[in-house]
Each structure stands twice: as structure tokens, then as C-alpha cells.
Amino acid sequence: LKNKVESDPEGRELLGYLVQEVHRIDDLLKQLLHLSEGPAAHQMEDVSAIVTAVCALMRPHAEKAGTQIIYTDETSGAKLSCNAGQMKQLLINLLFNAIQAAPSGQEIRIETSFDKGMYRLAVRDQGKGMDKKNLKRLFEPFFTTKTQGAGLGLVVVKKIADWHRARIDVTSSPGQGTAFEIHFPKESHG
């Protein structure tokens, strides 16, 4: 098909739209599959190693958008009872949102630490932020403020946090960026 439309500008444009829609549908199906997985087996994992791997995976996306990912670990490699695959998906979804929200030249900060006996994973961007109305709807399926996306990424984040008995705190205001803090229960780290 690509060879047939190579010399036809309208055909090339239509093919571009078709490819974008295929990617959008693929993303939607992947998100729906993550939602249908349910809780998976947990084992003791070094979350800082998971975060480091996800940062390496997402760094090219961030650089393409003109942003930089900065990771600070204050846990000294402490382990957390979790599912590594689901933790990676949670962080990938948060980073995709942060990369899309952050203006070029800004930083996205990831922090892992202990807070009041809980393991805390935080992702902060310096993007446009959200008003209270959008903040209330953040975890609703198919709700999105973006022109692209299915509105399922944060639904998956919430489900994974629930499966790990974690609490999500979100702070955001217009022009001030957004911070997601996920607090994992005390008995989950060792």
C-alpha cells in the first residue's frame, strides 16, 4: 500500500492517518489488557532497579520531547513486595503523561523514599497542571484532556496501585505542574 501511494500526496496523508489510528487502537487494546490482568503474584523486588530500567526505556521519548528525566533514590535499594511487570507499567504510564505535559526544556523528577513508614514513589512534572474539576475526574475510564490517548493510562495506574494496596496522592494546579505520589504499605517493604 505504501508503494502504491508513494507518488500520491493525498494517499500518503491518508496512509499516515491510518497508521496513527492503528497505533491508537493498539495502545487502547494494551491498556484494556492491563486492566483485565488482575492482581499478579508479588515477590520482593528492588524498586530502584525497576525505576532505573524504566527511566532508561523512557529516556529517548523524553529527549525527543525536549524533557529530561531525573531520578533520586533515597531507599538504599530497599525491597518492596510487588509485581515487577505491573510496577513497570504503572511508572511507564505516569512518565508518558509527564512527558506529554512537560514543556520542552523542563525536568521530570522521580523520587523513591520512605515517608512515615511507607515506601513512596513520586513522579513530578513542570507541565501545565490541572484544575480541580479535571483532577476529580483523573481516574475515570476514557477521561482525557489530551488530543490523543484513550483515557485509560491513569485508570491502569490506579488499578495497579489498588492491587498493591497503595494510596495515590495527586497534587496539581494550573501552571504549576502535577505530582503523583504512590505510598506502598509499610508491610510491603523490607
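Per-residue SASA remark: His42, around 70 Å² accessible (1.4 Å probe; ligands, DNA and RNA not included). Other residues within the sphere of radius under 10 Å centred on the Cβ of Met130, judged by their own Cβ, net out at +4 (K and R +1, D and E -1).
Rounded to the nearest whole Hz, the Karplus-based 3J(HN,Hα) values (6.51 cos²θ - 1.76 cosθ + 1.60, θ = phi - 60°) of region 113-124 follow the sequence 7, 9, 9, 6, x, 10, 7, 10, 10, 10, 10, 10, with x at glycine and proline. Counted by Cβ distance under 11 Å from Glu181, the other residues give a net charge of 0, where Lys and Arg count +1 and Asp and Glu count -1. Anisotropy class assigned to region 96-176 is oblate, per the alpha carbon gyration tensor with a/c at or over the 1.5 cut-off and a/b no larger than b/c. Shown for region 69-189: the carbon plus sulfur share of the solvent-accessible area, taken with all protein chains present and a 1.4 angstrom probe, equals 49%.
The values are calculated or read from the model by the stated rules, or taken from the named source; none is laboratory data. The shown structure was predicted, so the numbers you read here are calculated from the model rather than taken from an experiment. FYI the Cβ positions are ideal-geometry reconstructions off the backbone, even for glycines, and counts take in every protein chain you see. Just so you know, the surface numbers come from the protein's heavy atoms only, side chains and all, with ligands and any DNA or RNA stripped out. Shrake-Rupley method; radii C 1.70, N 1.55, O 1.52, S 1.80 Å.
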